[in-house]
Amino acid sequence: MDTVIPRQCLAVFDYDGTTADTAAPSPNGVTVTAAYSYALMEMFGVQDLLEEIGGLQNRTPRELIEDIVAGDRHLRLRTCGRRYFETHRDRLWAMLPTSRNRRPRHSGLIDTLTETLVRVKLSYLLDEIGHAWPKPFDGVLDTFEAMRRDGTAAAIVSSGHECFIRKSFEFWGVPCPNVLLTDDDCRAYDIDPKPNAGLIDLMLALSHRYRTSAAPILQKRNIIGHFGDCEIKDGGLAANAGVPFFWFNRANRKPRVSLPENTVVFSDWRTVSDGVLT
Ligand SMILES: [Mg+2]
């Protein structure tokens, strides 16, 4: 890709499927999808519940819970989920930092079950993170490093979780971008997920949170684009935010929707890091 990244800009990255290959199984055979499947089975006592609601489809924990409690068996599932939460709340609530345990604005069953699902899912995933899993895609860390050297700040906007992302960067041996906006923030601030451009606004509004060189760059709001693997959620976010979309299309597949006007397609991060470096 013939892209030279200018200085004093912000590049926004998706995490799952863009930075890290979390769809590949861990050495113990766990994937993000499998962790959701186990977590739902544990909470609701129903085998194949994830398949029943159409699979993960890039949905957030809240979107999954909303679909589950809207289904035919919702009364039994609500009872089951609530009972699970009441039995395990102390253990589960100790898993995430207190700042992330902020009481949701509309505290109700959906919020409770969403917070529970996040923690049960993470209980399956966090111990899987190590040198072998998840792997960063070839060239993506070089891109981060090249951008850092060029004075470009990297941000991650993800429907994943901060503890997972930070732990994976620790094993990769490179600094995690300080500017992180994840599903933890969406839940805490009660904000819709991708493709909601409000995520970018929230990230910029929180620039004071990032006590690094990234803060003045964030305040300039000079965004070179959003890099993501999902043309619907990531492409939609880029289009809604009015920034270029860099589509990581590893399998060279046909887009499922028409791509935003300002789209650059690439299938290999090494072409991006080379472009940045030259
Ligand atoms: Mg993704």
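Miscellaneous remarks
- Residue within region 151-160 that is out of contact with any strand residue (DSSP E or B) (no Cβ under 7 Å at 6 or more places or on another chain), surrounded by 13 or more Cβ atoms within 10 Å (Cβ to Cβ) and in the same structural domain as Gly17 (by TED's automatic domain parsing) present: yes
- Any pair with Cβ under 9 angstrom, 6 or more apart, that starts in region 154-165 at a residue that is under 15 Å from Ala238 (Cα atoms) and within 14 Å of the ligand (Cβ to nearest atom) and ends at one that is in a loop (DSSP other than H, G, I, E, B) and of a type in the set (A, V, I, L, M): none
- Looking across region 129-138, the residues that are within 20 Å of Asp274 (Cβ to Cβ) and buried (at least 17 other Cβ atoms within 10 Å of the Cβ) come down to Pro136, Phe137.
- Candidates Ala35, Ala39, Ala11 - the one that is more than 16 Å from the ligand (Cβ to nearest atom), surrounded by 15 or more Cβ atoms within 10 Å (Cβ to Cβ), closer than 27 Å to Phe169 by Cα and in contact (Cβ under 8 Å) with a residue 12 or more places away in the chain: Ala39
- Boolean, Gly55 is loosely packed, with under 14 Cβ neighbours inside 10 Å and out of contact with any Ser or Thr (no Cβ under 6 Å at 6 or more places or on another chain): yes
- Within this structure, Phe171 passes the test of being more than 16 Å from the chain's Cα centre (by Cα) and either at pLDDT 90 or above or in a strand (DSSP E or B) (or both).
The values are calculated or read from the model by the stated rules, or taken from the named source; none is laboratory data. Everything numeric here is computed off the predicted structure, so don't read it as measured data. Glycine gets a Cβ as well: all are built from the backbone with ideal geometry, and neighbour counts include every protein chain shown.
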